Amino acid sequence: MFILRKIHQCLISVSLQTKIIGMVIGLSLSMGSALSFQVSRYLNEHANAFIKEESRSVAAEIVNKVPDYTLINDLYGLTGYLLNTKDNRRDIRYIAVLDNTGNILAHTFGSQFPTELYKHLRQVARHHQKTQTIQTDEGMIWETISPVTQSWNGSVAVGVVDSFVRLDNKKMIEALFMTTSLVGAIGIFFAVGLSWVIVRPIKELLRATNAIRQGEFPVMPELQSPDEVGELTQAFNEMSAGFQLAEEARKEKENIRREFLQKIITSQENERKRIARELHDQTGQSLTSIGIGLKLLERNATSEKTKQDIRQLKINIENELEAIHNMALELRPSVLDDMGLIAALNLFIQKIHTIKDVDIQQTIIGFAGRRPSAVIETCLYRILQESIRNAIKHGRACHISILIEWAADNTLRMVIDDDGDGFDPGILQNTERLGVRGIQERVELVNGVFRLESEPGQGTMLVVTIPTVSGGKNGG
């Protein structure tokens, strides 16, 4: 069963062209073998019947002639007649004439008659046996013993060999084999052509399918023939045209979605910037003015209790100013606009170090003297913020490694790796808690891709790749 399964797997694994050629070769071999077998069997049966009949007919012919010579005791003439008969029949091996006592009167062996054959003929002639086969070193001999009863008592022995008939049969079978081989070769030639006619459009369809799978539109294989393969090609072309329309509609929707998302994110960033500016310019200035006023009140206060209350108010105002400053940085750090992504990242890491005991290592490659566009800088900064917070808050990471590389092919790659608790990637459907949805949207906004790898207890690694980075020297 295992062998049959392996053979079946091997047969179905070969190409269609090989299957077609193999079927033709197998059919040719099967038909040729069957035909050769049937012809060989028929020729062998026919040869046996022919040799047997020839042995009998020659014996009967000689039986009719022997009395003409024996009655006048012309043994010399009888021998000549036997030799002449043997020479005219290539299949005759020997002819012998025996009297009623078993003595040989004439034969075709010349001066010396084989002793074993002489013994054999004396024995069978006495019993007047008919046609029989004798196996000799020269091959099979069909021997016929016929009695002579007309005017003379004796017998005639005729031995006919089958070698010549077998040789003719062999030549005929060889010719049949050559003809079958030639027909098979012609069949294989036509099979190759037929398989090419069938397989070529299928290969074209396969090539077109692979092209469509890779997003190449439109792909329209040329119609080769109006048969079933041509109908398949026509249906494929119609399907390809439908795919093209669907892909164009999808791209249009994707562009609309990306533009909408970009407007939302841009609006968010502008709103963050506006709120941060208001917190810094208005709320911060107001609290600073209140602090200055409290200093004046503290100088003019006469009661120590009042001075202590004023000092406490000043401390509270300073704390609020610090909180407002941090909030403004969180909303939109001005250093991101002024000095770029790397400076903003350093400032963010410094803030993290003031509130969390976590080791953050960063490696920056290829940013010397240049900056990405403002959109990409903002996108990467928000991804860094979200990833570091997730690693600390949810993953409880102690060590975070950051790699940001601007490669020579103008692609930007960012890798964030931590030693936190990790998680099962299967829970990524719940992306709201992890913030993955926001990261994905920001990456897609700049035509990038991201990969998230994690295992429980093995930490998390986020890889972001942006294939086309626009930007230039410092200043965006």
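The values are calculated or read from the model by the stated rules, or taken from the named source; none is laboratory data. On a predicted model such as this, the values are computed, not experimentally measured, just so you know. Neighbour counts are summed over all protein chains in view; Cβ atoms, including those assigned to glycine, are modelled from backbone coordinates with ideal geometry.
Please count how many residues of the range 357-391 are among the aliphatic types (A, V, I, L, M), over 14 Å from residue 344 (Cα atoms) and surrounded by fewer than 17 Cβ atoms within 10 Å (Cβ to Cβ). Summing the residues that are among the aliphatic types (A, V, I, L, M), over 14 Å from residue 344 (Cα atoms) and surrounded by fewer than 17 Cβ atoms within 10 Å (Cβ to Cβ) in the range 357-391 gives 2. Does at least one position in the range 101-111 carry a residue that is in a strand (DSSP E or B), touching a residue at least 40 places away in the same chain (Cβ under 8 Å) and either closer than 17 Å to residue 67 by Cβ or out of contact with any helix residue (DSSP H, G or I) (no Cβ under 9 Å at 6 or more places or on another chain) (or both)? Yes.
Looking only at the range 50-84, which residues are within 13 Å of residue 160 (Cβ to Cβ), surrounded by fewer than 16 Cβ atoms within 10 Å (Cβ to Cβ) and in contact with a Phe, Trp or Tyr (Cβ under 7 Å, 6 or more places away or on another chain)? Passing the criteria: none in range. Every condition in (1) at pLDDT 85 or above; (2) part of a loop (DSSP other than H, G, I, E, B) is met by residue 468 except one, and the failing one is (1).
Every residue, every condition in (1) modelled with pLDDT of 90 or more; (2) closer than 22 Å to residue 372 by Cβ; (3) of a type in the set (Val, Ile, Thr), yes or no:
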residue: 403; (1), (2), (3): yes, yes, no
residue: 425; (1), (2), (3): no, no, no
residue: 439; (1), (2), (3): no, yes, yes
residue: 448; (1), (2), (3): no, yes, no
residue: 454; (1), (2), (3): no, no, no
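Filter the range 248-269 for residues that are of a type in the set (Val, Ile, Thr) and under 37 Å from the mean Cα position of the chain (by Cα) and give the result. Within the range 248-269, no residue meets the criteria. Filtering the range 115-153 to residues that are of a type in the set (Ser, Thr, Tyr) and modelled with pLDDT of 75 or more leaves 115, 118, 131, 133, 136, 144, 146. Would you say residue 348 is surrounded by fewer than 19 Cβ atoms within 10 Å (Cβ to Cβ), in the same structural domain as residue 442 (by TED's automatic domain parsing), more than 16 Å from residue 436 (Cβ to Cβ) and in contact (Cβ under 8 Å) with a residue 24 or more places away in the chain? For residue 348, the condition - surrounded by fewer than 19 Cβ atoms within 10 Å (Cβ to Cβ), in the same structural domain as residue 442 (by TED's automatic domain parsing), more than 16 Å from residue 436 (Cβ to Cβ) and in contact (Cβ under 8 Å) with a residue 24 or more places away in the chain - is not met.
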